[in-house]
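Structure record follows, encoded as structure tokens.
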Amino acid sequence: MNSLKLLNQGSFQLKSKGIFSHILDAEILLSKILGKTREKILVNLDQKISNNQIKLYKKLIARRSLNEPIAYILSEKEFWGKSFEVNKNTLIPRPETELMVEMLVTYFKKKKVKILDIGTGTGCILISLLSELKKSSGVGIDISKKALLIANKNGKKYLNESRYKFINKSLKDVYNYKFDLIVSNPPYIKSIDMKNLDQDIKRFEPHIALDGGNDGLDVIRKVIYKAKEILKINGMLALEIGNGQFKKVSEILKNNNFKIENRIKDFEDNIRCIISSFKR
């Protein structure tokens, strides 16, 4: 069997299961099996595929047919030009989060800052920031020990270990520290809305990283309250938020002596990140 026929079979199977990105996903999975870029595969569709490769490919297609995210199947996700290891214990990095990283790099480009990443997951935010802010250092905390195993692997891949730590801590256990910058992509989905998530998110991604309580703001409130204790004066807090949460989160920030410095919109023009400074 050649590449073209195998791709058509894989794409057809995914389409029959309602996978919207069936063509792209079929190509990505074959790229994984063959160890070649999609571009190289598509210019040589007559390439013969071995029986063993066909068998492996069909296994990956079967997993994707069950809505398992491509990132979990590949065990990696590109973010900020880097390949981050991911698994079912970590939230999959999103392109929108890169917009926050980009703005923070602009803010702190030539400065030496101490960063705290709350709910670090894969560590992608902290690692990406430190890869650009060469004089800075940081700490990533998470309540999931399994997620931190992944964060540490990613950290060792891209950074000198003297510049970062990933620690199994909850927010209440962070004290006696002062940070210049706190970043967080916290759970912000309303509990009642969890059932409405896409199948690949609802069935596979860790709910602890998604469920933000009754109004979606439970963890966001805790992050803001803790940030008051551990941010330096004029220190910055960068928070990702859900659609439609800007007004409520802004009020919480202002009521806790934070000044809104900037807001970041996603690719659909929704405000998805608030950057604020602590004024005490």
Quiz item: Being touching a strand residue (DSSP E or B) at 6+ places or on another chain (Cβ under 8 Å), assigned by TED's automatic domain parsing to the domain that holds residue 129, in contact (Cβ under 8 Å) with a residue 12 or more places away in the chain and not in a helix (DSSP H, G or I), is that true of even one residue in the stretch 193-204?
Solution: yes
Quiz prompt | Within the stretch 262-278, tally of residues that are within 22 Å of residue 112 (Cβ to Cβ) and either buried (at least 20 other Cβ atoms within 10 Å of the Cβ) or not polar (S, T, N, Q) (or both) | solution = 3
Exercise. Please find, within the stretch 243-261, the residue that is surrounded by the most Cβ atoms within 10 Å (Cβ to Cβ) out of those that are closer than 25 Å to residue 108 by Cα and within 21 Å of the chain's Cα centre (by Cα).
Key: 249
Self-check item: Output for the stretch 8-45, where each listed residue is in a loop (DSSP other than H, G, I, E, B), among the hydrophobic types (A, V, I, L, M, F, W, C) and over 28 Å from the mean Cα position of the chain (by Cα)
Solution: 43, 45
Self-check item: Residue list for the stretch 221-236, restricted to those being out of contact with any Pro (no Cβ under 9 Å at 6 or more places or on another chain) and touching a residue at least 40 places away in the same chain (Cβ under 8 Å)
Solution: 226, 227, 228, 229, 230, 231, 232, 233, 234, 235, 236
Exercise. Of all residues in the stretch 70-83, count the ones that are in the same structural domain as residue 133 (by TED's automatic domain parsing) and in contact (Cβ under 8 Å) with a residue 60 or more places away in the chain.
Key: 1
Quiz item: Which of the residues that make up the stretch 59-87 are over 23 Å from residue 100 (Cα atoms) and in contact with a Gly (Cβ under 8 Å, 6 or more places away or on another chain)?
Solution: 61
Practice problem: Examine the stretch 46-54 for a residue that is over 24 Å from the mean Cα position of the chain (by Cα) and hydrophobic (A, V, I, L, M, F, W, C), and state whether such a residue exists. | Solution: yes
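What do you reckon, is residue 208 assigned to a helix (DSSP H, G or I), closer than 27 Å to residue 114 by Cα and among the aliphatic types (A, V, I, L, M)? It would help to see each step written out before you state the result.
Details: assigned to a helix (DSSP H, G or I): yes; closer than 27 Å to residue 114 by Cα: yes; among the aliphatic types (A, V, I, L, M): yes.
Spelling it out, residue 208 is indeed assigned to a helix (DSSP H, G or I), closer than 27 Å to residue 114 by Cα and among the aliphatic types (A, V, I, L, M).
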Exercise. Could you please find all residues in the stretch 48-62 being surrounded by fewer than 15 Cβ atoms within 10 Å (Cβ to Cβ) and either assigned to a loop (DSSP other than H, G, I, E, B) or among the basic types (Lys, Arg) (or both)?
Key: 48, 50, 55, 59
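Which residues, counting only those in the stretch 136-189, are part of a loop (DSSP other than H, G, I, E, B), surrounded by 18 or more Cβ atoms within 10 Å (Cβ to Cβ) and β-branched (Val, Ile, Thr)? Quick ask: steps written out before the conclusion?
Step one: filter the stretch 136-189 for residues part of a loop (DSSP other than H, G, I, E, B), giving 136, 143-144, 159-160, 169-170, 174-178, 185-188.
Retained after the next criterion (residues that are surrounded by 18 or more Cβ atoms within 10 Å (Cβ to Cβ)): 136, 144, 174, 185-188.
Selection gives 174 alone.
The values are calculated or read from the model by the stated rules, or taken from the named source; none is laboratory data. Note that the structure is a prediction, hence the values are computed from the model and not measured. With ideal geometry, Cβ positions are generated from the backbone for all residues, glycine too; neighbour counts draw on all protein chains shown.
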